[in-house]
Each structure stands twice: as structure tokens, then as C-alpha cells.
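The block underneath contains the structure these notes are about, expressed in C-alpha cells.
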Amino acid sequence: MTKGNLTIFLGAASGVGKTYAMLEAALGRVSEGVDVVVGLVETHGRVDTEAMLKGLTVIPKKSQEFMGTLEMDLDAVLTRHPQLVLIDELAHTNAEGSRHKKRYKDVKELLSAGIHVYTTLNIQDLETLNDIVTQITGVTVRETVPDQVLETASQIQLIDIPPEELIQRLKDGKVYVPNREKEDFKKFYRPGNINALRELALRYTAQRVDRQLESYRRAHGIDGQWPTGERILVCISASPFSAQLIRIAKRMTEKVQGELFAVHVETLRRFPSESEKDSMANNLRLAEELGAEIIGLTGNSIAEAILELAKKRNISQIIIGKPEHTRFWEIIHGSVVDKVIRRSQGISIHVIPGCQQESKALEIQLGKKEEEVRTKTQRCSLTEVIPYLASSLMVVVMTLVFALVNPFLGLVNISLTYLLPILISAALWGTLPAIVTALMTTIAFDLFFVPPFFQFTVADFRYLISFGIFMLVGLITGTLSDRLKKQINYSRQRENNISALYSLSRDIAAVDNLDAVLDCIVSNVSKTLEGQVLLLLPNEKAQLVLRKDSGLNNFLDKHELSVATWVFERGLKAGNGTETSENAQALYLPLSTEQGTQGVLGIYIKDSKAQFDSERIRLLEAFTGLSAMAINRVKLAEQARESLSLVESERLRTALFNSLSHDLRTPLASIIGAVTGLLEDQNLVFGPEARIELHKTILHGAERMNRFISNLLDMARLESGMLRLNKEWCDLQDIVGVAINRLGNTLTRRPLGIDIQEGLPLVQADGILIEQVLINLLDNALKYSEASSKIMISIRQQGKQLEIVVANRGHGIPETDLSKVFDKFYRLSSPLQVSGTGLGLAICKGLIEAHGGDIWAENNKLGGVTITFTLPLTEQSFGIVPEMSEGE
């Protein structure tokens, strides 16, 4: 059957016109020929609402009353089975005796029956907003609806009016609100409260529409931008001018109440300098502080990467800075701004010209670092000179060789062979050495092999083409080599980061002990970042204490601990590499989860001011995210174990109390009654036979109490692992006889069949414990069988084990419960009045398994239950024959 559709008329508060709008929509459906009925609509005496009901079919309400209103007749609506039913006040609580406690469950039943439903709801009735509404209005809403009801709605129609109009409607008496004179009513209907509730309703509806839009775009494969909500993307780089772009983007986002994204595209064409890395980190930090979502991309084309992201994230506006390059530079390298504008396809592009004064001021702040970089660049070390010396040597050697074999090779082969040192230089050392090598090969070829010789002149201008090819080959191959090396380094770095995260996640997933998890975190982070790592966790007094470190924690002093405490309390990173307590030696990051901050991770790296760039910080944040989840998982597991232990303890306590109230008090009452009768029989009213029966009653009660206490002690020994077997050579026939005698009259009153195979070998076991097992099985058979039915005991040898069977005739056990009868405190439901704690069979299972045997239960064909257990036989068992008595 097709489910019905749910339409909710949602409002900020009572009185906005939800019911009126619902009735108006229903009348429109009636005019379309739809079968519409009114299940329940509260008019509260409003004339306009009652007038609209006259055009609709109304299902009579039930007779019971609740809070002055009549309840909807759910069965009558289901019997009528209209196409559409109107039900007011979805969050309403039904009267006592109704089928469902809440009205929204009535609606669910109608929807399951294939009936469409129109209903009304106030935003404060939503379950997840209950606390927020209480904070806003100071009034606690008692009747709520789960969010899932709204999420499954086919349509939500928002009904909204200005707060002034709503208050005026209240004053005019057009809105029904109970207890109008109460202080809560006056608190609730204030303009500020109503506006806040309106915003909640608008936001919820907007989020729902946004989710529907995203689902539609994904389902239809739509990648283009739709101008639905304002999403602003600002493009940032290492340029000091990016800070100005970020601030402009933030102001624009606040004006349109949109979302802000900041993107940085890393190209593989050049390596950033240290100053550029610092500047980039500052820009990313500023964007993060202003609430932007940071997105890092990698690609060869900046424009393509930006536009592809914009299409995926449905960006409506892009803010990009106007570069200060010359027109000639843009012709050679291309303009990112022009490419973005040409391919934007409906996205608004804002090109912001740079402020030279601000850029210069920011550049001056980085002046010292730039000067240090220039100084280091000017100092050419021996390593930097080696490529040029090696290239020169290759050209000299090749020139000497070619001078000797010139007549045999020819100029064409010589010119082609001169490409080899260019390619080797490009492959080994990059662009600049390749260009220098190309220039040297050009000079050597011109001086020694192109006429006129030993002059920088060319008789045949066609050789100029060869010279140009030398230079182009050096430039192109060197550039490609540099780019490939950078891609390899970048991929290797990413691979190392991913491998480190995978290693950490794998290690912490394999352990469930907190100390082991902390060891994994410290060792992985320390090994990956090559620094000193420590973990601080809160103690019982919520004070941070050092739990684990990488072995060198000498940097943790009072100042460092105060920074870590600040991080723990605020849930924000601080220390070296950030703008908070940046004079600290280490960087501290919070281990945050949804349950709060679990602790703090600190890392200290030598010369860390140059090491804590944005890439490392992002990697550390990934580490802390995994670490926080692992620590939280271990803590939750410990809490779960404690809760399980408490549950088991509570079950044991309840079972013991129940047993004490029945299994102890019942035999005690019979014992006390018998003893009292004997003591008070001074006139010798009781004859000898009656006295014997009273003594038997006392004995039977005492034995029953003894069995009960024995069961409790046996289970305690099994649970604690203190059970020790005293194995001896035992004859099971003797053990069966002792068990029957111990049960006494309770068993002699019942038909008992014993079938023991002749010539059974002795078994090595604890006779007293096996006797207890038989007593428990026989006692169980007595309890769960009819009073006149037969109980059967049989013993057979099956291979290298003895099989002991105890069967009764009575009610069987459901197949799903056969494996549960040996669980602690598990008791079958039986029409017989059965007492006990549910420990007897559990003790049997523990004792038999301690002997190396097995035990199971099954339903027999004649009705009833058969419980079988086995005991293993050793090689010595077959060599020992039971001793025969003289009478035998």
C-alpha cells in the first residue's frame, strides 16, 4: 500500500493563521474534486474558522474529553478512508485510554493507511528546539514532536506574520491561548521572543529547502551554479594583499547573511620561499578567525581549480585580487583573473585592486625575513656550484671527443649529440643548470664546428635555428623536470602524511586500553613530526596532568602548563605557530570531541618557528582529531563496562532478594510452623505419625535451604575462579544413588527409571560436584514436569566419554530458548508454579565444563525436555574395573 503524504503548516507561535491557511488549502483541494474530511480542527469559537468548516465534511469526535476538547475518532477516519484528512495541533497529547499517547502517532497510522494528512505545528513544539525555546522565552514547552516527523513530511508550508500584527490579534481576542492571565503567557508573547521564534522557523524551512535543492542537484547531475543562497568564495595566496581581500569578503558575507569560503590553490610550477610560507599561514589564520571555511587545492591551473570548486559548492560570488603584473607578463604567462571571468558561467566575479600602501606596509613587516632569504641565496655553497661544474665538464669532454672524430660524424650528428648534456642537466638539476648547459653547448658548437671557426659569427644563418633549439630544449626540459620533481615531493609528502594518519588510526583501533592508546599517539606523532610530544589529560579534579610523553618533557614548565590549561578550557589551539601565546616553546592543540575536550596534545620542535607552517598544523589537527576520538572511545568503553557491571550487580541483587523472599522464606516458614507445633504440643495432640511428618517437614525445608545456599556458593566460586577440582576415580552408579537419596521424599513420590549400561569404566572426576550436578538436574526435572510423570536417568559410554541423560515428561522448551536455559538467572515461563533463582543449570554448565565435558538441552519426542552432559574418559579409565562388593 502506498503511504500518504504529510503536509505541515508551520508557524512561529499560536495565532499566526496556520489553521486558517490549512482550511483554505483544503477548500481548494475540494474544488479540485478531492475527498477531504476534517478529523479534528479546534475553532475555539472563532467565527471565520467555523465558517470555513461549513464547506467541509467533519468526522464526529469521540465522547471523552481532555482539557476541555474532544478527541479525534481515529477509527472513524480509517473506516471512512478519505483521500485527505485535516488534523489540527500535531504536538497534542491524547487523552487517557486513547490508542496512541501522542497525536502525531495517530497521523503516522493514517499515513500508513494511505491517507494524505494536512496538519499544523508551532516551531517551539520541535523536540530539538525545546531547550532553545526555553532559553529564549523562559517558558518550557511540554508537548513536543520528534524531528523525524518533520523530516518525513512531503511538504512544509511556512505561515508568518509580523509580531506587531500577532500581538494585536491577541489583544483583539482572535487567538485562543489558555491561561492568558498567567505570567508565562506575558513572558512568551513579547516582540523579541516572537521575532526569535520567527527566525527559528525561517531557518528551519530554509535548511530543509537547501537540503532538497542539494539532493535534486545530485540526483540530476547538475554541476552549475544556482543563485539560491549567497555563498562567497575569496581567493587567497601568499600575497600580503590577501588579508585585505579576506576582510572585504567578510564584510560582504555579513551584509548578505551568506557563507564564506577561502580557497588557496598550490601550483606545481614553483617552490614558495620561507617568507611566502609565513605570509600564507598568516592569511589562512586570518580567514579561519573570521569564520571562513578553509579549502586547500592543488593543480596546474589556478583558474580551473577555483571554478571547479565553485561549481561543486554552488558558489554565487567570487572575490579575487587584481594582480600587479605587467601586460607583457600576462601575455606570456596568462591572466588568472581573465580566465576566471571568461569561464564563470553565471557566478558574480569581484576583482579588487590592491592598495599599494597596505601592501608595502605588510611587505616591510616581512623585510627582515626577505633580507635573510636574499643573503642565504647570495651565499652559493659548494652543493649549488656542482651542477654547473659537472655540466661544464660534460661539454668540454664532448667537445674534445667531437674534435677528434669530426670527419666521421658530421655536423648534424654533432649538433644532435650536444643535446645529451642539456637533457642530463635538466633531468638531474633543473631549469637553470639546463639553460646554462644549453648556452655552453651553443658557444662550443659555434666556436669549434660552425664556420668561420673560433669566431662568434655564423656564415650560414640556418645554424641559428640549431642554437635556438638548444636553448628551447634546455628551457622546456628543465621546466618539466622541476615540475615533475615538485609533484613527486608533494605526492611523497602527502603520502607520508596519509600513511602516518593511517598508521595512527590502525594502531589505536587495535587496542582498548587507555595507556596503550596514549603510547600509540605519542609514538606516531613524535615519529612523524620528529619532535617532543606530550599528552595532558584531566584528573579527577579536572586539572591537567601529564599522562604520556616521548621521553623528553623538560620544556613543560609553569608557563607552558598555563598555556595548555588555557587550550583545555577554551578548546582552541595556542602556543608556537599561532597568535595566542606565541612565545611558548611548544604548540598545544585541544583533543576535542562532541562530548567536550578530552585533553591537550603538545609538541615541541627545535627551531619550531620555521617548522610550524600551515601544512604541519593541519596535519597535527588531523592527528588530534583521531586521538580525541580514540581517547573518547576508550573512556566510553570503560563507562560501558562499568554500566554493564552495575547492571549485572543489580540483576544479581534483584535475583537474590527475590530468592530470599521465596526460596528462603518458604522453607523457613514450614520449618518454623513445624517446630512451633511440636513445642506447643504439650497435651500430646499429635500422634507418633504426625510427629514424624512434622520432623520430615523440618528436614525437607532444611535440605531445600541447604541446596539453595550451595547453589549460591557454587556460583560465587565459579564466577571468582576459585573453584578447585578434587578429582578421584568415581563410579557414576554410586553417585546416582547418593543423589537420589539426598533428594529424599520429593523424588520417591515420582516414577523413576534408571538405565545404566553394564561394565562402565570409572571416570576421574570430583564426585561431590558431579553429585551436585545430578541433584540440580533432577530437581529441575521435578519442577518442570507433571506430578505423575516419569523421570528417566540413563548412562552410556560413547567412545572416549560417558554420556549421562536426565529426561522428564512435560512441557517442551521453545527452540529459541534451548541455548538460554544455561544462562544465569534465566527462568522459563511455565504454567506450573515453579520457584528458584535460575542458577541451577548455570552451575551445572560451569561444573561440567570445568571437568572438560559438555552439556546441552533438547526437546524429546514424547514431550518434555532431555538434558545431557558428558564426562571425558582417559586411557587409565579403561584399565580400571569397579570393585565388586561381597554380596555381588
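Evaluate E = 1/(1 + (r/R0)^6) for Arg492 and Leu546, where r is the Cβ-Cβ distance and R0 equals 41 Å; express this FRET efficiency to the nearest 0.05.
Working: r = 34 Å, r/R0 = 0.84.
Efficiency computed from Cβ-Cβ geometry: 0.75.
I need the calculated FRET efficiency for the pair Ala669 and Thr134, taking r as the beta carbon distance and R₀ as 60 Å, to the nearest 0.05. Present the calculation step by step, with values, prior to reporting the outcome.
Details: r = 55 Å, r/R0 = 0.92.
Rounded to the nearest 0.05, the efficiency is 0.65.
Which of the peptides 335-342, 856-863 is most tightly packed, and how do the rest follow, going by the mean number of other Cβ atoms within 10 Å of each residue? The partial results should precede the final answer.
On the way: 335-342: 16.2, 856-863: 13.2.
Ranked by mean Cβ neighbours within 10 Å, highest first: 335-342, 856-863.
Assuming 0.36 nm per residue, please report the length gained on full extension of the stretch Asp160 to Ile709 beyond their Cα-Cα distance. Could the numbers behind the result be given before it?
Numbers: separation 549, 0.36 × 549 = 197.64 nm, distance 7.15 nm.
Fully extending the segment from Asp160 to Ile709 adds 190.5 nm.
Work out how much length Thr93 to Ser31 would gain on full extension: take 0.36 nm times their residue separation and subtract the Cα-Cα distance, in nm to one decimal. If you can, show how the numbers build up before the last one.
Working: separation 62, 0.36 × 62 = 22.32 nm, distance 3.25 nm.
Separation in residues times 0.36 nm, less the Cα-Cα distance, equals 19.1 nm.
Using the 10 angstrom Cβ neighbour count as an exposure proxy, how do Tyr418, Tyr463 rank, fewest first? Don't skip to the end; give the middle numbers.
Details: Tyr418 24, Tyr463 18.
Ordered by Cβ neighbours within 10 Å, fewest first: Tyr463, Tyr418.
Using the Cβ atoms and a cut-off under 10 Å, what net charge is assigned to the surroundings of Ser237, where Lys and Arg are +1 and Asp and Glu are -1?
Details: positive: none; negative: Glu266, Glu276.
So the environment of Ser237 carries a net charge of -2.
Could you put Tyr204, Tyr118, Tyr588 in order, starting from the residue whose Cβ has the fewest other Cβ atoms within 10 Å? Intermediate values should be presented prior to the final figure.
Details: Tyr204 19, Tyr118 26, Tyr588 29.
Lowest to highest Cβ neighbour count: Tyr204, Tyr118, Tyr588.
According to a simple spin-label model (label point 7 Å from Cα along Cα-to-Cβ), what is the distance in nm between Val511 and Ile768?
Using points 7 Å along Cα→Cβ, the separation is 4.5 nm.
Please compute, over every Cα-Cα pair in the stretch 19-112, the percentage with a separation greater than 23 angstrom. It would help to have the intermediate numbers written out before the result.
Values: 899 of 4371 pairs.
The share of Cα pairs beyond 23 Å in the stretch 19-112 comes to 21 percent.
With a sphere of radius 10 Å drawn around the Cβ of Cys730, what net charge do the other residues whose Cβ falls strictly inside it have (Lys, Arg +1; Asp, Glu -1)?
Details: positive: Lys727; negative: Glu728, Asp731, Asp734, Asp766, Glu771.
Summing Lys and Arg as +1 and Asp and Glu as -1 gives -4.
Between Arg343 and Ser794, what length comes free when the chain is fully extended (0.36 nm per residue of separation minus the Cα-Cα distance, one decimal in nm)?
Here the answer is 153.4 nm.
What's the magnitude of the charge dipole for the stretch 723-879 around its Cα centre, counting Lys and Arg as +1 and Asp and Glu as -1 at the beta-carbon? Answer in Debye, nearest 20. Mind dumping the intermediate values first?
Values: 15 positive and 17 negative charges, 102 e Å.
Here the size comes out at about 500 debye.
Please give, to one decimal in nm, the separation of the simple spin-label points placed at Lys606 and Glu293, each 7 Å out from Cα toward the Cβ.
4.2 nm
In vacuo Debye scattering of the stretch 511-638, one point per C-alpha: log10 I(q)/I(0) at q = 0.16, 0.19 Å⁻¹?
For the stretch 511-638, the Cα-only Debye profile gives -0.70, -1.02.
Shape call for the stretch 723-879 from the C-alpha gyration tensor, a ≥ b ≥ c root eigenvalues: rounded (a/c under 1.5), prolate (a/b greater than b/c) or oblate? Don't skip to the end; give the middle numbers.
Working: a/c = 1.72, a/b = 1.48, b/c = 1.16.
Prolate shape, in that a/c is at least 1.5 and a/b is the bigger ratio.
Taking the stretch 733-773, how much of its Cα-Cα pair set, in percent, is spaced more than 14 angstrom apart?
Values: 452 of 820 pairs.
Roughly 55 percent, rounded to a whole number.
Give the share of C-alpha pairs in each 5 angstrom bin for the stretch 383-484, from 0 to the last occupied bin, in whole percents, shortest bins first.
Pairs per bin, as whole percents: 2, 15, 24, 23, 19, 11, 5, 1, 0.
Arrange Lys18, Lys277 by Cβ neighbour counts within 10 Å, fewest through most, would you? Display every interim value, and only then the final one.
Numbers: Lys18 24, Lys277 17.
The order, fewest Cβ neighbours first, is Lys277, Lys18.
Find the eigenvalues of the gyration tensor of the Cα atoms of the stretch 436-541, then list the square roots of 5 times those eigenvalues as equivalent ellipsoid semi-axes, largest first, in whole angstrom.
On the way: eigenvalues 809, 30, 14 Å².
Taking √(5λ) for each eigenvalue gives 64, 12, 8 Å, largest first.
Distance in nm between label sites at Ile248 and Leu70, each 7 Å beyond Cα in the beta-carbon direction?
A separation of 6.9 nm, rounded to one decimal place.
A short reminder: the numbers here are calculations on the coordinates, not readings from a lab. This one's a predicted model, so the numbers in the text were calculated from it and none came from an experiment. Positions of Cβ are backbone-derived with ideal geometry, glycine not excepted, and every protein chain shown enters the neighbour counts.
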